[in-house]
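Just so you know, all these numbers are worked out from the coordinates, no wet-lab data involved. Quantities reported herein were computed from a predicted structural model and do not represent experimental measurements. Counting neighbours? That spans all protein chains shown, and the Cβs are built from the backbone with ideal geometry, glycine included.
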Amino acid sequence: PGTVLVLGAGQAGFQVAASLREDGFDGRVVLVGEEPGLPYQRPPLSKAYLTGKADAVAVRLRPEKFFTEHRLELRAGERAVRIDRVGRRVALASGESLPYDHLVLALGARNRALPVPGAELDGVVQLRTLTDAEGLRQRLERAGEAVVVGAGFIGLEFAAVAAARGVAVTVIESTDRPMARSLSPAMSAFFRDAHERQDARFAFGATVVRVLGDGRATGVETADGRRFPADLVLVGIGVVPNAELAAEAGLAVADGIVVDEHLATGDPAISAIGDCARHPCRFAGSDAPVRIESVQNAVDQARCVAARLAGRSTAPYAAVPWFWSDQGALKLQIAGLATPHNRAVPRGDPAAGAFSVFCFRGGRLAGVESANRPLDHVFARKLLANGADLTPEQAADPGFDLKALAA
Ligand code: FAD
């Protein structure tokens, strides 16, 4: 069976290693990760970990003995620096080189840096790793006023936690609504309202041009000259896929490592999965391949590659995308790729605190956004998987039996 070498020991890297064993793969499995310690989940870092409800042990994907019991060779704290496709070896920063028969790139993504003067000041932080989260949790204990740059999922999850602690939070966003890249206007408006009721403030259409302060951040300035005081500035303006290793090895890269429907790169001995990969997806609005940043995508792609490498399945990757984000008392769930869409139909009552938006593209269901309506989400995933024919009129009709259609 040979050696499967996995680069990146995050959600996708861990899963491919674990699934290889579940699928009966008997060769060597080596997992190289540049972060120290055991692989962990990122979602709690902006949720339970920040509130103190979860610690570093609770966020671990598995305890240490899982790795020894399953003969998964974890090389934590090691950075891969070069892929030699001809010799089928990977060089590590330590100088060591590791052989492979199959290489899985699960390198994830890194936070986009805020490209303005002052971004290096103390008190300007980002959130991606457990180390980031530990630092942020300590700063949050002392913070009085926080500015969040970017009204995306992570920024808003942080804003909800900070506001609940009594920190004065201002979210600065260059578009005109929260989570604009991913959500319908109706769902954005619902979340804006909810955050404002928790005393967070928004500045839309505003671009941060500088972080103020001398040594320590004291606030930010926007392009229109406004100044927002802050002793803590959280930057959440998106990520950049870690694709350099692949590009340097001559693999196709276009905002992510390009893979086919089996998640293989142009080199049949190399696959790529998770946040770093761009794959063809039948749930997308066009034929262009997509790069999806979610736990579901990382886990299901890992399972698909493991099944192929273990000789279990040759089926292409076809999982329905889904995602969640917890913001204060609200749980947002998205099934499918709801954006772009040309018709958005509400179901349920926003005023009652729970509703969904069914998004249609070219007359077909593209995705469903739900806020505190978990059953809509469950049924939507089934409808999308089955390709069921739901009409906008049915979606809007509170009496229509979604469960029956999804069954
Ligand atoms: P990662 O988990 O980022 O793992 C990649 C690993 O590769 C990293 O540990 C990195 O250090 C390592 N690496 C990179 N380069 C090298 C190298 N050269 N050598 C060795 N190792 C390397 N998704 C949801 O669905 N729901 C949520 O609520 C949610 N919340 C989130 C909250 C936060 C704060 C963050 C940061 C993400 C959240 N996500 C959420 C997204 C989700 O965590 C990611 O989509 C998922 O972790 C992607 O898995 P991955 O394995 O592709 O990448």
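Summary table below
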{"quantity": "Most positive-pole-ward Cα, F379, A48, A302, against dipole of the chain from beta carbon charges", "calculated": "F379"}
{"quantity": "Peptides 229-237, 306-314 ordered by average Cβ neighbours within 10 Å, highest first", "calculated": "229-237, 306-314"}
{"quantity": "Per-residue HN-Hα couplings for the range 107-112 [Karplus 6.51, -1.76, 1.60; θ = phi - 60°; Hz; x = Gly/Pro]", "calculated": "8, x, 9, 10, 5, 5"}
{"quantity": "Fraction of beta bridges assigned by DSSP in the chain that are antiparallel (%, nearest 5)", "calculated": "60 percent"}
{"quantity": "Lysine pairs within the chain, Cα separation less than 27 Å, 8 or more sequence positions apart or different chains", "calculated": "7"}
{"quantity": "Cα-centred dipole magnitude for the chain, charges only on beta-carbon of K, R (+1) and D, E (-1), debye, nearest 20", "calculated": "340 debye"}
{"quantity": "Residue-wise HN-Hα coupling along the range 53-62, computed from phi with Karplus coefficients 6.51, -1.76, 1.60 (Hz; x: Gly, Pro)", "calculated": "6, 10, 10, 4, 6, 5, 8, 4, 6, 8"}
{"quantity": "Mean Cβ count within 10 Å, highest first, over the residues of peptides 321-327, 196-202", "calculated": "321-327, 196-202"}
{"quantity": "Computed [θ] at 222 nm, helices only, for the chain once each DSSP H run of length n ≥ 4 contributes -39500 (n - 2.57)", "calculated": "-7500 deg cm²/dmol"}
{"quantity": "Assigned charges on the beta-carbon of Lys, Arg, Asp, Glu; the range 47-182 dipole about Cα centre (debye)", "calculated": "360 debye"}
{"quantity": "Amide H within-cut-off set for A109, under 5 Å, with H built and near neighbours excluded", "calculated": "N242"}
{"quantity": "Residues whose placed amide H lies under 5 Å from that of R210, excluding near-sequence neighbours", "calculated": "E221"}
{"quantity": "Under Karplus coefficients 6.51, -1.76 and 1.60, residue-wise ³J(HN,Hα) of the range 266-276 in Hz, glycine/proline x", "calculated": "x, 9, x, 8, 9, 10, 9, 9, x, 4, 8"}
{"quantity": "Charge dipole magnitude, Cβ of K and R +1, D and E -1 - the range 69-144, Cα centre, debye nearest 20", "calculated": "240 debye"}
{"quantity": "Selected from I273, M179, F355, residue furthest toward positive end of dipole (the chain; charges at beta carbon)", "calculated": "F355"}
{"quantity": "Highest to lowest packing among 213-224, 102-113, 118-129, 40-51, scored as the average C-beta count within 10 Å", "calculated": "102-113, 40-51, 118-129, 213-224"}
